[in-house]
Structure formats: structure tokens, C-alpha cells
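This report concerns only the one structure given below.
The values are calculated or read from the model by the stated rules, or taken from the named source; none is laboratory data. All values derive from a computational prediction rather than experimental measurement. All Cβ positions, glycine included, derive from the backbone under ideal geometry; neighbour counts span all protein chains shown.
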Amino acid sequence: MDRELRLVGISRSFGDHVALDDVSFTVRPGRTTGFVGANGAGKTTAMRIILGVLAPDAGRVELGGEPLTLPVRARFGYMPEERGLYPKMKVADQLIYLGRVHGLDLATARRNTEALLAELGLADRADDVLHTLSLGNQQRVQVAAALVHDPILLVLDEPFSGLDPIAVDAMGALLRERAAAGVPVLFSSHQLELVERVCDDVVIIDHGRVVAAGEAQELRAARAGRRYRVRVARDGGAPLDAAALAAAVPGATVVDGGNGAAVVDLGTDGDEQALVAAALAQGALRELTPVVPTLAEIFREVVR
């Protein structure tokens, strides 16, 4: 079964508010895709449309080139931003119950529950009532609920929220393991450093529109070839004049400065030799190093 998920031209409005505006992106099988955007950017609306909780005003969602049907969506794993488990039910009992709701036989539901709780470090809490667990452990149980039925696709809304660093590592390993088994994984997160560490692909959405999408490393590399860290030794120990440096190179802008150095983006028109000449005009050139931006830096640029 082809498991590539595609959103094609999805639009959705709530009254006068446009939540999604011609949104298109792909979630590939065997890869983790980070869905990044500020609060209100449209991430949750897009996820609910994928799951069929909301209908789009325009556009379509496909899996393997085919429109999504209710039986196919029933095989998805979904973790909503608003948690919805039973607080007074034992952890293992409700995971087994949810597995059964998804069509698993009792033995398979129990086996999957035991394996997931062990993988998430909750084996010793299987018989605890959910509301007695810490918020972080309740979060782990919520993720287990999305996985218990061996879904063909995972859609997770802020799965890392409230987790300690150890739990974050366990969660990241679990998602990568599912992806390695051929499951497309889409998750949203505000923790951009974590997305950069865990994700193969990234989709950045701003005010309902996709402003950047692709392989995480390619997005970073595409902006690396035009950005340099410059350090100059000036007479008397004076600091580098970053503004004058950028002003001397057409199309260049300073994106970071301090500690006697500046990071200069040459844009589309700037010239490396002009940057070298401008640096030498201020003193002895000590450093001219290509800079690869982080995902957080790219995010700040594209959502301005």
C-alpha cells in the first residue's frame, strides 16, 4: 500500500477568518515530518482535516494518490492537542480498550499495550489510574493510545509538550522507529531545536499558508551558501562595524552580530569578493566562514 499523504490546495475559513489558504504539502512514508508554525498559524486545522474531523472548503487530502475514506482514516493514529483519555481508568485497561475499538483482538491489544508501556518507560504504571500520573507520564500514555492499533499513518499535535528530556529522547526514538517501519509521521511542535533533531522533513506554515517545505537539511543548506561569519582585527582593538560592512556590499544584510564578528547574508545579489574587500577595508581579515542557519533562524526569517 502506497502511504504517501498529500494535501493539495486545502483551504478552510471560519467566518471571516481564513485558517488555511491553498495549503499543499506531502508527508512521505518512512520519514518524520515536522509541522511548524506560531499559535494560530493553521497547524491544528490542517491536522483535523487530515483526520476528517473538519472538512475543507476547497482542496483534497490523498493517501497513495487516492481520496481518504472513513475505513482508511480509522487506521490512522491521532494525538490531539486537547488530551482526551479517561482520567479514572487504569492505564493498561484503557489502552487495551482503545485497541479493541480499532478492531484488534484481545490478545493483540494486550501485547501491543505491554510493548508500548515498556518502550515508554511506563511498564510499572500499567495498573495505575491515569489521573494519578504526572502530566508528563499522562502525555506518554496519550501517545501510546495513538500507537496501540499499529496505525498506517501518525498525526500528532504537540506530542512533546510537557515531557522531560529523557521522555523526549524516548519519544523521538519511538517516532523514528515507526518511520523506519514505513509509517509516515507528521507532528507539530513549538520546540524547533527538537524538530531539527528528530525530523527528516519540515513544513513551515504562517497565517494559513505554507512558507517553506522540504527536507530539513536541504532547507538549511539552501541558505548556507550565501551567509558568512566575518571577523576583522582593527587598529586599536575597535569592534567590527557590521552596518558599514553590509552597506558596502549590494544586497547584503547583517543577520547577527556581537563578540567582534558579524553574520552577513549576501542575499541574491551580494558578491563574496565584495564582502572580502569590505572586510579588508576595516582591518585584517581573521575569519570568513560559511554559516548554516538553524531551523529556528529559518523560521524567524520566513514568518516575518
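Among the candidates ARG209, ARG234, ARG226, the residue that is of a type in the set (D, E, K, R) and either in contact with a helix residue (DSSP H, G or I) (Cβ under 6 Å, 6 or more places away or on another chain) or modelled with pLDDT of 85 or more (or both) is uniquely ARG209. Only residues that are farther than 27 Å from ARG73 by Cα and of a type in the set (Ser, Thr, Tyr) were counted in segment 117-174, giving 2.
Quick grid of which residues meet (1) charged (D, E, K, R); (2) closer than 28 Å to ALA19 by Cβ; (3) more than 26 Å from the chain's Cα centre (by Cα); (4) not assigned by TED's automatic domain parsing to the domain that holds ALA296:
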{"residue": "ILE166", "(1), (2), (3), (4)": "no, no, no, yes"}
{"residue": "ASP201", "(1), (2), (3), (4)": "yes, yes, no, yes"}
{"residue": "GLY208", "(1), (2), (3), (4)": "no, yes, no, yes"}
{"residue": "ALA244", "(1), (2), (3), (4)": "no, no, yes, no"}
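Mind checking whether some residue in segment 218-237 is more than 30 Å from GLN282 (Cβ to Cβ), out of contact with any Lys or Arg (no Cβ under 7 Å at 6 or more places or on another chain) and either surrounded by 14 or more Cβ atoms within 10 Å (Cβ to Cβ) or free of Cβ contacts under 8 Å to residues at least 24 places away in the same chain (or both)? Yes, that holds for at least one residue. A single member of LEU194, LEU186 is under 29 Å from SER11 (Cα atoms), free of Cβ contacts under 8 Å to residues at least 40 places away in the same chain and in contact with a strand residue (DSSP E or B) (Cβ under 9 Å, 6 or more places away or on another chain), and it is LEU194.
Could you list, in sequence order, the residues of segment 31-58 that are surrounded by fewer than 21 Cβ atoms within 10 Å (Cβ to Cβ), more than 15 Å from GLY77 (Cα to Cα) and either of a type in the set (Gly, Ala, Ser) or not assigned by TED's automatic domain parsing to the domain that holds GLY208 (or both)? Matches in segment 31-58: ALA38, GLY40, ALA55, ALA58. Within segment 103-136, the residues that satisfy the criterion of being crowded, with 16+ Cβ neighbours inside 10 Å and over 20 Å from ILE166 (Cβ atoms) are LEU104, THR108, ALA109, ARG110, ASN112, THR113, LEU130.
Here are GLU177, GLU215: which of them is within 30 Å of VAL18 (Cα to Cα), acidic (Asp, Glu) and surrounded by fewer than 21 Cβ atoms within 10 Å (Cβ to Cβ)?
Of the residues listed, the single one that is within 30 Å of VAL18 (Cα to Cα), acidic (Asp, Glu) and surrounded by fewer than 21 Cβ atoms within 10 Å (Cβ to Cβ) is GLU215.
A single member of GLU272, GLU193, GLU287 is assigned by TED's automatic domain parsing to the domain that holds ARG31, exposed (fewer than 15 other Cβ atoms within 10 Å of the Cβ) and acidic (Asp, Glu), and it is GLU193.
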